[in-house]
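What follows is a single structure, written as structure tokens, with notes after it.
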Amino acid sequence: MKKIAFALIFMLLMQGAVLAEEENALVETAVSAETEAEPETEEKTEAETEMEAESEPETETEPEVPDNGIRFVDLYIFGNGITLSSYPVFDGDTLMLPIKELLSHLGANDFSVDSENQITITYGEKIVAMHLDSTSALLNGAEAELPAVPFLLDDTVYAPAETVCQALGFLYYTTTDGQKMTLYTDLPMDTNSARNAENRVNGLNLSSETPYLIWVNKSEYTVHVFLGTKNNWNQVFSCKCAIGAPGSPTVTGTFKYFSRESRWSYAKFYVGPIMRFYGSYAIHSTLLRYDGSDYNNSVGVKISHGCVRVRPKDIAWLVSYVPLKTTVYVSEK
């Protein structure tokens, strides 16, 4: 009986050992299967990554621009920061933008692409005609070669931004800082007065902490606004103004726009907004009644206590587009 009992115990122990070995074998088999399956998952992930990269050529375009190193583009139109729905693309050093969306922000909405991929853009009397997949173009009736080929990406037309903007008469100016490009577009002042103002200012070595510069010409009762950098200023706005009366003349010199205030209130009228550039000297609106009507809207005269007065629509433009720290240059003539 003891032998039988021992045999039974031995058999049970052996069965337990066999079952344990079988479990270990199953675990090892499962682990081995998972280990073998992992490379397939990795290969699939790599393949998916490659397919995603191929399906998004715009993400491939940016790394292919090592020459200029630009990875970010900030866009300002009429002084306001704009975000486009499609990413900028570089073709070599040429910035390609979704041209229809860009122009819509500038007010140039006459844009068409015909069945033969002819692109036609009209703004006032200016016309740009281009073709997808070709550098040949007509810019205001003159044959020209584009610096890069317009193309279609996800139903969006990309074209050389600088060439198109300048052909349509818009001011186009860029700055770069490391990996970032900042683009400014605006309406230029294509008049002899604007050119003369630019020549004058660009000969004075005037600089500004912002891309803007204000020049108040007292003898012409004019406020000029420029966009650019030292010795490369382009006029983008001008308006008539009133200046200090003979007994309280407007200060002259080079100053900095340091404070923006909503209004200054008086008994019968107010002025505002306010752009202070030296002590209590400021550029602000003409005199307005509290119901919004004009109390005294005179410009082109010497009438103020020293401030520079401009019409309400003009001060609205100035405070909207010109940032703080902009240089304000005030001259007698």
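Some notes on this structure:
- Ranking by accessible area, most exposed first, for T185, T163, T83 with a 1.4 Å probe: T83, T163, T185
- Ligands, DNA and RNA excluded, the heavy atoms of R276 present near 60 Å² of accessible surface to a 1.4 Å solvent probe.
- Semi-axes of the equivalent ellipsoid for region 128-171, Cα gyration tensor, largest first, Å: 17, 12, 8
- Shown here is the pair-distance distribution of region 224-312: with all Cα-Cα distances grouped in 5 Å bins from zero up to the longest one, the shares run 3, 14, 21, 24, 20, 10, 5, 2, 1 percent.
- For region 78-163, the relative contact order is 23 percent, taking Cα pairs closer than 8 Å that sit 6 or more residues apart in sequence and dividing their mean separation by the residue count.
- Scoring 310-316, 174-180, 130-136 by mean Cβ neighbours within 10 Å over their residues and listing the highest first yields 310-316, 130-136, 174-180.
- Ranked by the mean number of other Cβ atoms within 10 Å of their residues, highest first, the peptides 154-161, 262-269 fall in the order 154-161, 262-269.
- Residue-count net charge about K218 - beta-carbon cut-off 11 Å; Lys, Arg +1, Asp, Glu -1: 0
- For region 134-228, the alpha carbon convex hull comes to 153 Å³ per residue, rounded to a whole number.
- Across region 196-270, C-alpha contacts under 8 Å between residues 6 or more apart give a mean separation that, scaled by the residue count, equals a relative contact order of 22 percent.
- Environment charge of G228, counting only residues whose C-beta is closer than 13 Å and scoring Lys/Arg +1, Asp/Glu -1: -1
- Summing charges over all other residues whose Cβ lies under 12 Å from the Cβ of D177, with Lys and Arg as +1 and Asp and Glu as -1, gives +1.
- Relative contact order of region 179-314, pairs being alpha-carbon contacts under 8 Å that are 6 or more residues apart, as %: 21 percent
- Among the protein heavy atoms, those of I303 account for about 60 Å² of accessible surface (1.4 Å probe, every chain in place).
- For region 92-136 versus region 138-163, the gap between their alpha-carbon centres in whole angstrom: 6 Å
The values are calculated or read from the model by the stated rules, or taken from the named source; none is laboratory data. Note that the structure is predicted; figures quoted are calculated from it, not measured. Quick reminder, even Gly has a Cβ in these numbers, built from the backbone with ideal geometry, and neighbours come from all protein chains shown. The accessibility values were calculated without ligands, DNA or RNA, using every heavy atom of the protein model including side chains. Shrake-Rupley method; radii C 1.70, N 1.55, O 1.52, S 1.80 Å.
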